[in-house]
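Have a look at the structure below, then the notes.
The values are calculated or read from the model by the stated rules, or taken from the named source; none is laboratory data. Keep in mind it's a predicted model, so treat the numbers as computed, not measured. Ideal geometry is used to build each Cβ from the backbone, glycine not excepted, and the neighbour counts take in all protein chains shown.
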Amino acid sequence: MDHPIARSTRSPMPPYDFAPGAASCVGTFIASSPARVSAGARRARDAAGRSPVARVDDRTRAASRIARGIVRRISRRRAKNMLERARLATAPRGARAEARRRVVVAAKSKSKSKSKSKNSSKSAAKSELALRDSAAASYDPTRAIVRDDALREKRLAKIIAKAVTNAEYELALERLQNELVCLMDYAKLRGKKIIVIFEGRDAAGKGGCISRITEVLSPRVCRVCALSAPTEAEKSQWYFQRYARHLPSAGEIVLFDRSWYNRSGVERVMGFATSEEVERFEREVNVFERMLLDADYEIIKLWFDVSDAEQERRFRGRLENSEKRWKLSPMDLFARSKWYDYALARDLMFENTSEAVPWSIVPADDKRVARLNAIQHILAAIDYDEVAKEPLELPPRQERPKGYEEKDLTTWDPRRARVVPQVYTSEGLATREIDGKSWKELADAVAKSAKKKFAIEDGDGLNWPK
């Protein structure tokens, strides 16, 4: 079947196909192609009795042959426009006028549809703004955000129980975090370049472990790299390129919350990468990591392993808790249907990507144990010493200059500066909201009862700080 542009009442053109990719010079080449017929050839055709209409048909066919010759380098749309111009250049005046009229009508209809969509988007924006205004009007910044009483009591009981049952975990975590600070000081002093890769299944506890590490370290020394899906430009780059720009400099620690091993995991299972790309990656990653080791980088690769039942429990908790819903994505939910595909991908990754740096597996069914063991392993994998710190003295405060009167911050003009509403106060946090009893008195009563029931001596951890 002929292409629509090639249809003509005078001389049909042969069909053709177009391939993507175009050169900008093609339009000029095709538009000028009918003029490439020499004067001698025109005189020969005239002498043979060929009519002007036949000559026009020959010139149109010549333009079509030229277009087919370079068809693999031009786009469909550009070729369509260029051949339309070539056809109109050889068409009678009436046909040209009709074609121009069709173009004008199409442009007008397109502009009308654009204006309609623009108006609809404007109305949607107005309704969204109205919704925001109504929400802002109903919000009172001078009142505390409270839940219903039943939910509040349930949450309060959970907080108290967690504070007691996690006592040993908090003590161990504090000791490890002190060591992390020593590691950070040593890395900064000696110019260490440390890379820690966190991989594992969804909801395995990678983010929680990273948070416990970074909460005591300087963000100028220890930073987190958690990249989103690659852009079109990044897809055209060398695969490791977008990760290489986040590698640490001397004296830095970088925690990769998922890393270049996405290619061995999610991209392999979900079909975002071909089998050839995955095989090439698993060959190159060993060379890439060996190059990093030769450049004095220290690499630790952690795999957080969670069981099927525990992952389902955590997923359900995120579904039921609106505050944690953001942690779930459609990809996470779909990954549940490919549990064993991910298990096979993990096995292949361990087998093919451990030549330069072996993997360290962290059982993560208990998040607290996983965090402690992961931090302990990081500290044990890096040779560091405690850095001697110079003694510091607090200098005296500057004396008040003559003529300066310190202004009460509450007396400022609200148009220039204002104190935020004091919704929460120290006295309010020290007492129970229900009955106004002091939390300190309640804590003392609990400690006294626990000492009596479990025969705990003084100084064994139940003497509250004053």
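Every residue in the stretch 327-349 that is in contact (Cβ under 8 Å) with a residue 40 or more places away in the chain and closer than 30 Å to R290 by Cβ, please.
The answer is D341, Y342, A345, R346, L348, M349.
Before we move on, is D365 in contact with a Ser or Thr (Cβ under 8 Å, 6 or more places away or on another chain) and part of a loop (DSSP other than H, G, I, E, B)?
yes
So how many residues does the stretch 180-191 have that are more than 10 Å from Y384 (Cα to Cα) and either touching a strand residue (DSSP E or B) at 6+ places or on another chain (Cβ under 6 Å) or not aliphatic (A, V, I, L, M) (or both)?
2
Would you say V357 is surrounded by 16 or more Cβ atoms within 10 Å (Cβ to Cβ), touching a strand residue (DSSP E or B) at 6+ places or on another chain (Cβ under 8 Å) and more than 30 Å from A187 (Cα to Cα)?
So V357 does not fit the description; no.
Does V446 qualify as being closer than 30 Å to V164 by Cβ and not in a helix (DSSP H, G or I)?
No, not satisfied.
Grab the helices (runs of 4 or more DSSP H) fully contained in the stretch 205-290, keeping just those with 1 or more residues being crowded, with 16+ Cβ neighbours inside 10 Å, more than 15 Å from the chain's Cα centre (by Cα) and not assigned by TED's automatic domain parsing to the domain that holds R371.
Passing ranges: none, list empty.
Name the pairs: first residue in the stretch 277-297 and in contact (Cβ under 8 Å) with a residue 12 or more places away in the chain, second residue assigned to a helix (DSSP H, G or I) and surrounded by 14 or more Cβ atoms within 10 Å (Cβ to Cβ), Cβ to Cβ under 6 Å, at least 6 apart or on different chains?
V278/R268; E282/N352
Could you tell me whether R143 is closer than 24 Å to A381 by Cβ, of a type outside the set (A, V, I, L, M) and at pLDDT 60 or above?
no
What tally of residues in the stretch 388-404 results from selecting those that are hydrophobic (A, V, I, L, M, F, W, C) and over 46 Å from the mean Cα position of the chain (by Cα)?
Selection size over the stretch 388-404: 0.
Somewhere in the stretch 223-243, is a residue touching a residue at least 40 places away in the same chain (Cβ under 8 Å) and not polar (S, T, N, Q)?
Scanning the stretch 223-243 turns up at least one residue that is touching a residue at least 40 places away in the same chain (Cβ under 8 Å) and not polar (S, T, N, Q).
Could you please let me know if D413 is at pLDDT 90 or above, of a type in the set (D, E) and either loosely packed, with under 10 Cβ neighbours inside 10 Å or outside the structural domain of C209 (by TED's automatic domain parsing) (or both)?
In short, yes.
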